[in-house]
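Here the structure is laid out as structure tokens; the discussion comes afterwards.
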Amino acid sequence: MEKLEQLYEGKAKKVFKTSEPEKYWIEYKDDATAFNGEKKARIAGKGTLNNEISAIFLSMLKEKGVENHFIKKISATEQIVQQVEIIPIEVVIRNIAAGSMAKRLGWDEGKELPKTIVEFYYKNDELGDPMINNDHIDILGLAAEQELVEIRKQALKINEILKEFLQNKNIILVDFKLEFGKIPAGTIILADEISPDTCRFWDADTMKKLDKDRFRRDLGSVEEAYQEILRRIGGSVNV
Ligand code: UDP
């Protein structure tokens, strides 16, 4: 398979076409951004770490019956994925109050939620990814009602699988963001990445943050935290 022209460059990844029409070539970058791009930095080794971490999570989910775009890792920073048309909705799943939800509701960060919360955000950088509800999704034509039911169902199932997997590694899954895409046949599958860039992971004993909040909040040791996640989920830390 050959790598062809770049289709898109996002904040943390580049996407290329390949000689096979149904496959994309993804390159994970060391760039980190927060607060809708206002804060920027390069975190040495992040691309390598997230490529491997995401590959582990997506392969594990596939084994457990969650169809997703991951095909194979081809180098330290690159992987091949199935081509999908990304649905421009960021799906956030929360088990514990943190970040924007803790702020919005005035809840202390760390408070366990009585039930899992699913939120939708409009994936639109110009607007700063605003939170939207089913009616907004309907009038924007982002997804049909039935598709949204399917997305929510898949998101909750993924949460249960990830929560249990991580619990066994002494990691609390606080919250995370997913993106879904459509394959040509119209089926909705999980896409994008699952990594410390897109999840909040806390050590179950110390509550130490092992995710992008270390960068957002200037807590230091960002790379070390990502390495710790990779080590605990069974990956190699020799990056
Ligand atoms: N998240 C993400 N991309 C975004 C916004 C949020 O991956 O553009 C993830 C974030 O890492 C966290 C969860 O979604 O795990 C919830 O984020 P929140 O709404 O609390 O926003 P934040 O406080 O990160 O701005």
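The values are calculated or read from the model by the stated rules, or taken from the named source; none is laboratory data. None of the values given here were measured: they were computed from a predicted structure. Cβ: placed from backbone, ideal geometry, glycine included. Neighbour counts: every protein chain shown. All accessible areas refer to the heavy atoms of the entire protein, side chains included, with ligands and DNA or RNA removed. Shrake-Rupley method; radii C 1.70, N 1.55, O 1.52, S 1.80 Å.
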What do you get for chymotrypsin sites (Phe, Trp or Tyr not before Pro) in the range 4-53 restricted to DSSP loop and a cutoff of at most 14 other Cβ within 10 Å of the site's Cβ?
F35
Charges only on Cβ, +1 for Lys and Arg, -1 for Asp and Glu: so what's the dipole of the chain about the Cα centre, in debye to the nearest 20?
560 debye
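Under 8 Å for C-alpha pairs, at least 6 residues apart: give me the relative contact order for the range 20-119, rounded to a whole percent. Mind showing how you got there, number by number?
Working: 131 pairs, mean separation 23.1, N = 100.
Worked out over the range 20-119, it gives 23 percent.
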I need to check one value: relative contact order of the chain, counting alpha carbon pairs closer than 8 Å and at least 6 residues apart, in percent.
18 percent
The simple spin-label model distance between K115 and K11, using points 7 Å out along Cα→Cβ, in nm, is 3.0 nm
Can you pull the one-decimal nm distance between simple spin-label points at D125 and I189, each 7 Å off the Cα toward Cβ?
2.6 nm
Would you mind calculating the relative contact order of the range 78-155 from Cα pairs under 8 angstrom and at least 6 residues apart, reporting the percent as a whole number?
27 percent
Per-residue HN-Hα couplings for the range 19-26 [Karplus 6.51, -1.76, 1.60; θ = phi - 60°; Hz; x = Gly/Pro]
5, 9, x, 9, 10, 10, 10, 10
Efficiency of FRET from Cβ geometry, D108 and E150, R₀ 41 Å, rounded to 0.05:
0.75
Considering only protein heavy atoms and a 1.4 Å probe, what is the carbon-and-sulfur percentage of the accessible area of the chain?
48 percent
Skipping prolines and chain starts, which residues have an amide H placed within reach, meaning under 5 Å, of the one on I171, given they are 5 or more residues away or on another chain?
A204
How far is it, in nm, from the label point at R232 to the one at K182 when both lie 7 Å from their Cα along the line to the Cβ?
3.8 nm
Membrane-span-like helices (DSSP H runs, Cα span along own axis at least 30 Å, mean Kyte-Doolittle at least -1.0) in the chain -> 145-167
Mean accessible surface per residue for the chain, computed with a 1.4 Å probe while every protein chain stays in place, in Å²
49 Å²
Most positive-pole-ward Cα, G235, L4, Q154, against dipole of the chain from beta carbon charges:
G235
About its Cα centre, how strong a charge dipole does the range 17-157 have in debye, to the nearest 20, once Lys and Arg get +1 and Asp and Glu get -1 at the Cβ?
520 debye
Entries of K62/K163; K3/K163; K3/K73; K73/K182 with Cα pairs more than 25 Å apart
K3/K163
Percent of alpha carbon pairs in the range 111-162 separated by more than 17 Å?
45 percent
